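What follows is a single structure, written as structure tokens, with notes after it.
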Amino acid sequence: MTSASSAVQPSRAALLGSLIVIAWCGEQPDGSGDVPFLMAYPLGDGVQGPEGAEVAARALLEEIGMPAGSVVDQSHGGSFPLTLIVQAGRAVLTLPTMTAQCPAPPEWLAAAEKCGTVQFMFATRSWPEALPGVAVSDEQLRAFAGDEATITTAGHCLLPIRRLRG
């Protein structure tokens, strides 16, 4: 007797797990003011752990035209399936089939308003220690976001800010 089996593949969301967004400011190289940064990263809590989350993140980046290791300039508009809305003190990031948001610190909001764009990085590496609602120290942020392995495996873009009109 034989039985039929089907290989049901987990969805990208199930593989990616929790997608977290964090906002912070850095200083312009010339000292002329703050640069707003925004980073999305998986916690690595998907159905296949950190490895599955990385595979899902890389596939998503390919799909949106921001492959891992790339730098894309979206500051002049055009067709790009990723949007950032800043409203009521929050940064709301919309990607195909998912939305993630985070509270933005006042200095980030001021820098984002001044620049009209943010330096966005979508990390393919998981960061399970950086849980939602738990403060991340500057040292922890620098250690993860500034790590060469995080930088070279992430997709990067200069992302314009959109605002809701009320």
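The values are calculated or read from the model by the stated rules, or taken from the named source; none is laboratory data. Computed from a prediction, not measured in an experiment: that's the story for all the values here. Glycine gets a Cβ as well: all are built from the backbone with ideal geometry, and neighbour counts include every protein chain shown. To get the accessible areas, we keep the full protein, side chains included, count just its heavy atoms, and leave off ligands, DNA and RNA. Shrake-Rupley method; radii C 1.70, N 1.55, O 1.52, S 1.80 Å.
For region 53-67, which residues satisfy the criterion of being touching a residue at least 40 places away in the same chain (Cβ under 8 Å), open to solvent by 20 Å² or more (accessible area, probe 1.4 Å) and within 17 Å of Leu15 (Cα to Cα)?
Glu54, Val55, Arg58, Ala59
Would region 50-66 turn up any residue that is closer than 27 Å to Glu139 by Cα and not in a helix (DSSP H, G or I)?
Checking region 50-66: not a single residue is closer than 27 Å to Glu139 by Cα and not in a helix (DSSP H, G or I).
Can you work out which of the residues in region 28-47 that are assigned to a strand (DSSP E or B) and either touching a Gly at 6+ places or on another chain (Cβ under 9 Å) or not hydroxyl-bearing (Ser, Thr, Tyr) (or both) is modelled with the lowest pLDDT?
Applying the filter and picking the extreme gives Asp34.
Being more than 25 Å from Ala68 (Cβ to Cβ) and assigned to a loop (DSSP other than H, G, I, E, B) is the filter; apply it to region 98-156 and report the residue that is modelled with the lowest pLDDT.
Gly133
Which one of these does Ile161 not meet: (1) touching a helix residue (DSSP H, G or I) at 6+ places or on another chain (Cβ under 6 Å); (2) within 23 Å of Asp34 (Cα to Cα); (3) modelled with pLDDT of 95 or more?
Going through the list (1) touching a helix residue (DSSP H, G or I) at 6+ places or on another chain (Cβ under 6 Å); (2) within 23 Å of Asp34 (Cα to Cα); (3) modelled with pLDDT of 95 or more, Ile161 breaks only (3).
If I go through region 96-137 residue by residue, how many of them are open to solvent by less than 50 Å² (accessible area, probe 1.4 Å), without any contact (Cβ under 8 Å) to a residue 40 or more places away in the chain and either under 13 Å from Pro42 (Cα atoms) or within 16 Å of the chain's Cα centre (by Cα) (or both)?
Number satisfying all stated conditions: 1.
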